[in-house]
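Below you'll find the structure, written out as structure tokens, and then a few comments.
The values are calculated or read from the model by the stated rules, or taken from the named source; none is laboratory data. None of these values were measured; they are calculated from a predicted model. Every residue, glycine among them, receives a Cβ derived from its backbone with ideal geometry; neighbour counts consider all protein chains shown. Please note that ligands, DNA and RNA were not included when accessible areas were found on the heavy atoms of the full protein model with its side chains. Shrake-Rupley method; radii C 1.70, N 1.55, O 1.52, S 1.80 Å.
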Amino acid sequence: MSAIGLVVAIALPVMLVLLGLVVAGRRQQAQHQKRSQARAIKTAADDLLEALEFLMLVDGFKELQLVVLDRVAYFYQRYQQALPENDTLQSRDELDVEQYRQKIEAAGRVRKVLKSDREIRYAKQQFSRILKALGPMARQKMISETAMMEYRRYLRITLLEREVDTYTAQGEVAAKRADVVTATNYYKAAKKLLIEFDIQYPEKNDRIRDLTARAAALYNGEPHKEDALSRALSKEEDAHGKDEFGIPRDPAAEQKQKF
């Protein structure tokens, strides 16, 4: 065998092995990129599902909840399509849409009072996720522009009402303890939210007048009358082991508490 033939005989297998490694590396890189894209879609799906689950706790507008569920299902479908073929995650990360539909349809009484300022912040985060999802849904013709505007208005008013109800309930609990200053501050905070809210709706002025009357009754020394909001907050406190400020009565239990 000539020297050239020997070189070719040695170099050719080496080149084929190197070519195979390059091809395999590129294939692996492409699969990694697909998985990364799929994970990003899955994260968006999980975040929106978390927001939906919270919405189901604090509001009973089933039509909107079913719309959000459709969006979550869309994300899960995209996630499955984005995964590499025969990926082991395809069979594990699936959404039981029918189970969620049944939960929505069977939902009963909802919570109108949040547990604490911490949960108010959590509520704002979850409502914001749903509000942001409505725009893309309208652009993709999943909902109409009119429906998008109506849903946005409804969500903003609902979030405001939950926050106002929570501050009002906290004020009532303070009034029950004859803590006039704390109760008045809660009523003022609730009233400020209503006054600064940029959407008019029928109950808004009535709520403002009611809060003004509650504060006036405190300073006039009128006897406190417990209402449904303060009772609801008391139930939340008892159920979650926290006082009206969201402070756990048992600090060890806070580590186990989840929304």
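Is there a residue being in a helix (DSSP H, G or I), touching a Leu at 6+ places or on another chain (Cβ under 8 Å), crowded, with 16+ Cβ neighbours inside 10 Å and modelled with pLDDT of 65 or more anywhere in the range 38-45? Talk me through it step by step, then tell me what you get.
Residues of the range 38-45 that are in a helix (DSSP H, G or I), as a first pass: 38-45.
Next, only the ones that are touching a Leu at 6+ places or on another chain (Cβ under 8 Å) stay: 38, 45.
The next check asks that each one be crowded, with 16+ Cβ neighbours inside 10 Å; those that pass are 38, 45.
Subset that is modelled with pLDDT of 65 or more: 38, 45.
So far as the range 38-45 goes, yes, one or more of its residues are in a helix (DSSP H, G or I), touching a Leu at 6+ places or on another chain (Cβ under 8 Å), crowded, with 16+ Cβ neighbours inside 10 Å and modelled with pLDDT of 65 or more.
Quick check on Q126: is it crowded, with 17+ Cβ neighbours inside 10 Å, within 11 Å of the chain's Cα centre (by Cα) and among the polar types (S, T, N, Q)?
So Q126 fits the description; yes.
Kindly indicate whether R121 is closer than 30 Å to R214 by Cα, of a type in the set (K, R), out of contact with any Pro (no Cβ under 7 Å at 6 or more places or on another chain) and free of Cβ contacts under 8 Å to residues at least 24 places away in the same chain.
Details: closer than 30 Å to R214 by Cα: yes; of a type in the set (K, R): yes; out of contact with any Pro (no Cβ under 7 Å at 6 or more places or on another chain): yes; free of Cβ contacts under 8 Å to residues at least 24 places away in the same chain: yes.
When the stated conditions are applied, R121 passes them.
Of all residues in the range 97-111 being open to solvent by 50 Å² or more (accessible area, probe 1.4 Å) and small (G, A, S), which is modelled with the lowest pLDDT?
Checking each candidate, the answer is G108.
Looking at L160, L155, L64, L131 in this structure, which one is within 18 Å of the chain's Cα centre (by Cα), touching a residue at least 40 places away in the same chain (Cβ under 8 Å) and under 24 Å from L193 (Cα atoms)?
Details: L160 fails: touching a residue at least 40 places away in the same chain (Cβ under 8 Å); L64 fails: under 24 Å from L193 (Cα atoms); L131 fails: touching a residue at least 40 places away in the same chain (Cβ under 8 Å).
Being within 18 Å of the chain's Cα centre (by Cα), touching a residue at least 40 places away in the same chain (Cβ under 8 Å) and under 24 Å from L193 (Cα atoms) holds for just one of L160, L155, L64, L131, which is L155.
Modelled with pLDDT of 70 or more, surrounded by fewer than 14 Cβ atoms within 10 Å (Cβ to Cβ) and either within 30 Å of M148 (Cα to Cα) or not hydroxyl-bearing (S, T, Y) (or both), is that true of E94?
Numbers: modelled with pLDDT of 70 or more: yes; surrounded by fewer than 14 Cβ atoms within 10 Å (Cβ to Cβ): yes; either within 30 Å of M148 (Cα to Cα) or not hydroxyl-bearing (S, T, Y) (or both): yes.
Answer is yes for this residue.
Of all the residues that make up the range 169-181, how many are crowded, with 16+ Cβ neighbours inside 10 Å and of a type outside the set (D, E)? Even if it seems obvious, please write down each step before you answer.
Narrowing the range 169-181 to residues crowded, with 16+ Cβ neighbours inside 10 Å: 169-175.
Filter once more, so that each one left must be of a type outside the set (D, E): 169-171, 173-175.
Residues flagged as crowded, with 16+ Cβ neighbours inside 10 Å and of a type outside the set (D, E) within the range 169-181 amount to 6.
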